[in-house]
Amino acid sequence: MIGIFGGTFDPVHYGHLRSALEVKELFGLSEVRLVLNAQPPHREQPAANPLMRLQMLELAIKNQPGLFIDTRELNRQGVSYMVDTLKSLRQEFKNESLLLFIGSDAFNQLKTWHQWPHLFDFAHLVVMTRPGFAIQNLDDFFKAKLATELTELTHASAGKLYFQQVTQLDISATAIRNMIAEQQNPGFLLPDTVIAYIRQHQLYQRP
Ligand code: ATP
């Protein structure tokens, strides 16, 4: 089973990193691929450019076996859609179970994603519970896909919905960007190497 963890990582922080490591161990994954969302369709464009977000991600996961960066969205032109990413991963990993991990905040917005029902054609969806974002009621589409046992995810390579609690770290990239703009110290919310990079490149300063 392979884990896929998409994000803008603007910047990457311990909420992402701790969750990625935890699900890797909980689900016994051979790898978790951190997919850098180069050009997000649903939000304001990131403050840092894709190359800088990639370099911060590289610094953050250095020496973390099992966590890898997936740059396929950087290599594609135009807006980055997760459904295209999953399609391409499915071609690469024909018989593996693919687990797409998203936070509960992202799950509540899922129906705004491009071709969202087709995500389930290529992967299972695992929702990681996140502080401050309760899950809305599941409709019949989601209820039909709901798996309550982990083993259900190994019996098929895609198509299930599963909820997984992860350690609650109330950290967001938005809050970190705001702290930096306010000249506050974001220490212990993200790796020191990433903080040093942000300082060196003077990212997230007030315009
Ligand atoms: P922003 O504040 O800029 O929107 P973010 O902190 O939510 O950023 P993203 O890169 O947008 O980070 O998130 C990537 C994925 O990681 C999403 O699925 C999101 O739900 C999840 N995620 C982000 N922060 C946490 C956290 N603290 N705990 C668990 N999951 C998280």
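If you filter the range 173-193 down to residues that are over 14 Å from Ala47 (Cβ atoms) and among the aliphatic types (A, V, I, L, M), you find that the one that is least open to solvent (accessible area, probe 1.4 Å) is Leu190. Within the range 140-161, being open to solvent by 50 Å² or more (accessible area, probe 1.4 Å) and either of a type in the set (A, V, I, L, M) or touching a Pro at 6+ places or on another chain (Cβ under 8 Å) (or both) holds for Phe141, Ala144, Leu146, Leu150. If only residues of the range 6-24 that are near the ligand (Cβ under 8 Å from one of its atoms) and among the small types (Gly, Ala, Ser) are counted, the one that is most open to solvent (accessible area, probe 1.4 Å) is Gly6.
Could you go through the range 182-194 and let me know if any residue there is within 13 Å of the ligand (Cβ to nearest atom) and closer than 25 Å to Tyr81 by Cβ. No, the range 182-194 contains no residue that is within 13 Å of the ligand (Cβ to nearest atom) and closer than 25 Å to Tyr81 by Cβ. Once the range 98-139 is narrowed to residues that are more than 16 Å from the ligand (Cβ to nearest atom) and at pLDDT 95 or above, the residue that is surrounded by the most Cβ atoms within 10 Å (Cβ to Cβ) is Phe122.
Which residues, taken from the range 146-161, are part of a strand (DSSP E or B) and free of Cβ contacts under 8 Å to residues at least 40 places away in the same chain? If the condition is that a residue be part of a strand (DSSP E or B) and free of Cβ contacts under 8 Å to residues at least 40 places away in the same chain, then Leu146 is the only one that fits. Filtering the range 171-205 to residues that are free of Cβ contacts under 8 Å to residues at least 60 places away in the same chain and closer than 30 Å to Leu119 by Cβ leaves Thr174, Ala175. For the range 25-53, the set of residues classified as over 13 Å from the mean Cα position of the chain (by Cα), more than 12 Å from the ligand (Cβ to nearest atom) and crowded, with 19+ Cβ neighbours inside 10 Å consists of Phe27, Leu29, Pro50, listed by residue number. What do you reckon, is Gln200 within 12 Å of the ligand (Cβ to nearest atom), open to solvent by 80 Å² or more (accessible area, probe 1.4 Å) and out of contact with any helix residue (DSSP H, G or I) (no Cβ under 6 Å at 6 or more places or on another chain)? It is false that Gln200 is within 12 Å of the ligand (Cβ to nearest atom), open to solvent by 80 Å² or more (accessible area, probe 1.4 Å) and out of contact with any helix residue (DSSP H, G or I) (no Cβ under 6 Å at 6 or more places or on another chain).
The values are calculated or read from the model by the stated rules, or taken from the named source; none is laboratory data. No experiment lies behind these values; they were computed from the predicted model shown. Every residue, glycine among them, receives a Cβ derived from its backbone with ideal geometry; neighbour counts consider all protein chains shown. Ligands, DNA and RNA are stripped out before the accessible areas are found, and what is left, the full protein with its side chains, is counted by its heavy atoms. Shrake-Rupley method; radii C 1.70, N 1.55, O 1.52, S 1.80 Å.
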